[in-house]
Amino acid sequence: MPAREILDSFLPPLLSGKRQDCRHILAKAMDRTKDARQLYNDVLWPAMMHVEALFREDRINLATEHMATRITRCLADQLQAHLPRRQWNGKRIVITCADGEPEELGAQICADLFESDGWDAYFIGGGVPNDEILALVGELRPDILLVFGTQPQGIPLVRRLIDLIREVAANPRMNIMISGGVFNRAAGLWEEINADLFAPCAEQALAVANKAEPRTPTIRVPGAPKKRRRRRRPPLLAQLEASA
């Protein structure tokens, strides 16, 4: 059965909160395809995005959004054991996200797919203070810090996290990747907050990460004064910070 047909059959029971029907559909699809990665990318991820869009457009209520998100996360937990396991590639990623069920789901899917591809994946979820993320980055020295699913009110916090990491230089060669949330809807916003990489979905995040070169750190001469520039905030970023 093509992935689109699986998704079309999966969405109605998902939005109705019919857990057993959703499990049955995904189990049958797994029996046929034998490809858990395909089901992650072509069924679970687009289902999550569809539910998010419906809720954002006020076409479903919070109860329906929560039911659908929790069912999808439960199925991801079960499907994760069937993902292929590539040999460790020597790379490490830390994944954090906005503090919400849909954001946790998207970040978890990213962690599962990175781990399957041979990365050491550390998934810390949402609600973690910036100083603790900074400490973990300094301890683990990951190649990439992935921030997933930021909502508009969370933009200033992400910007402060990036500024803090750069100022302290806890891991100068680490790239910071942004994915999901408002960044998928506001073109170029990830560049405005000085992130290094962007990908709209888990599959592309993995592709971008695998091609990324280590970040070139800024080298300062000891004792040299810091250059201070007045930077005009881009209109979209300024609006988001003002409303936070």
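The values are calculated or read from the model by the stated rules, or taken from the named source; none is laboratory data. Just so you know, these numbers come straight off a predicted model, no measurement behind them. Using ideal geometry, Cβ is built from the backbone for each residue, glycine included, and neighbour counts are taken over all protein chains shown.
Here are a few things to note about the model shown:
- One residue from 86, 56, 37 being of a type in the set (Lys, Arg) and under 27 Å from residue 155 (Cβ atoms): 56
- Among the criteria (1) in a helix (DSSP H, G or I); (2) surrounded by fewer than 22 Cβ atoms within 10 Å (Cβ to Cβ), the one residue 125 does not fulfil is (1).
- For the stretch 1-53, taking the residues that are assigned to a loop (DSSP other than H, G, I, E, B) and of a type outside the set (D, E, K, R), the one that is surrounded by the fewest Cβ atoms within 10 Å (Cβ to Cβ) is identified as 2.
- Residue in the stretch 128-148 that is surrounded by the most Cβ atoms within 10 Å (Cβ to Cβ), counting only those that are of a type in the set (Val, Ile, Thr) and part of a strand (DSSP E or B): 147
- One residue alone among 105, 44 is assigned by TED's automatic domain parsing to the domain that holds residue 198 and either within 22 Å of residue 205 (Cα to Cα) or under 18 Å from the mean Cα position of the chain (by Cα) (or both), and that residue is 105.
- Condition met for residue 82 (surrounded by fewer than 23 Cβ atoms within 10 Å (Cβ to Cβ), under 28 Å from residue 145 (Cα atoms) and of a type outside the set (Lys, Arg)): yes
- Residue among 31, 8, 21, 35 that alone is charged (D, E, K, R), touching a Pro at 6+ places or on another chain (Cβ under 8 Å) and over 22 Å from residue 103 (Cα atoms): 21
- Within the stretch 84-122, considering residues that are charged (D, E, K, R) and part of a helix (DSSP H, G or I), the one nearest to residue 173 (Cα to Cα): 115
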